[in-house]
1. Scanning the range 12-33 for residues that are more than 18 Å from Tyr2 (Cα to Cα) and among the hydrophobic types (A, V, I, L, M, F, W, C), which turns out nearest to the chain's Cα centre (by Cα)?
2. Among (1) in a helix (DSSP H, G or I); (2) touching a Gly at 6+ places or on another chain (Cβ under 7 Å), where does Thr12 come up short?
3. Starting from the range 12-24, keep only residues that are without any contact (Cβ under 8 Å) to a residue 40 or more places away in the chain and closer than 20 Å to Gln60 by Cβ, then list their pairs with residues that are part of a loop (DSSP other than H, G, I, E, B) and among the polar types (S, T, N, Q) whose Cβ atoms are within a distance under 9 Å, requiring at least 6 positions of separation or different chains.
4. Quick check, is Glu31 surrounded by fewer than 11 Cβ atoms within 10 Å (Cβ to Cβ), at pLDDT 80 or above, not aliphatic (A, V, I, L, M) and not in a loop (DSSP other than H, G, I, E, B)?
5. Of these, Leu64, Leu43, which one is surrounded by fewer than 12 Cβ atoms within 10 Å (Cβ to Cβ), of a type in the set (A, V, I, L, M, F, W, C) and at pLDDT 75 or above?
6. Taking Ile26 as the residue in question, decide whether it is touching a Leu at 6+ places or on another chain (Cβ under 7 Å) and either at positive phi or of a type in the set (A, V, I, L, M, F, W, C) (or both).
7. Within the set of pairs 6+ apart or on separate chains, which have a first residue in the range 43-60 that is of a type in the set (Phe, Trp, Tyr), a second that is part of a loop (DSSP other than H, G, I, E, B), and C-beta atoms under 8 Å apart?
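The values are calculated or read from the model by the stated rules, or taken from the named source; none is laboratory data. Just so it is clear, the model here is predicted, and its values are computed rather than measured. Here the Cβ positions follow ideal geometry from the backbone for every residue, glycine too, while neighbour counts run over all protein chains shown.
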Amino acid sequence: KYHDPVTDDLLTQGRETIDPVARADIDRDIEARSTETLPLIPLFYMSVDRVYQPHVRGIQVSALGAHAMPLNQVWLD
């Protein structure tokens, strides 16, 4: 079982943070800390590049780069 007090504290901060910009910073800190302390070697990392037309508005991608995004806020100009 993985246990790291610093990561635990960051996870608590993330759960309690409402501001999306601050939450994104915390999420990046969690990812960086996990990369340094997890007892494993990542063998695969998925990267997805997306290109949008200038008239597509409201695109929101997760701070963690999630590969699914909500489309209920998207519109066309």
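1. Step by step, filter the range 12-33, then rank; the result is Ala24.
2. (2)
3. Qualifying pairs under 9 Å: Ala24/Ser62.
4. Criteria not met by Glu31.
5. On the way: Leu64 fails: at pLDDT 75 or above.
Testing whether each residue is surrounded by fewer than 12 Cβ atoms within 10 Å (Cβ to Cβ), of a type in the set (A, V, I, L, M, F, W, C) and at pLDDT 75 or above leaves just Leu43.
6. For Ile26, the condition - touching a Leu at 6+ places or on another chain (Cβ under 7 Å) and either at positive phi or of a type in the set (A, V, I, L, M, F, W, C) (or both) - is met.
7. Tyr52/Ile59
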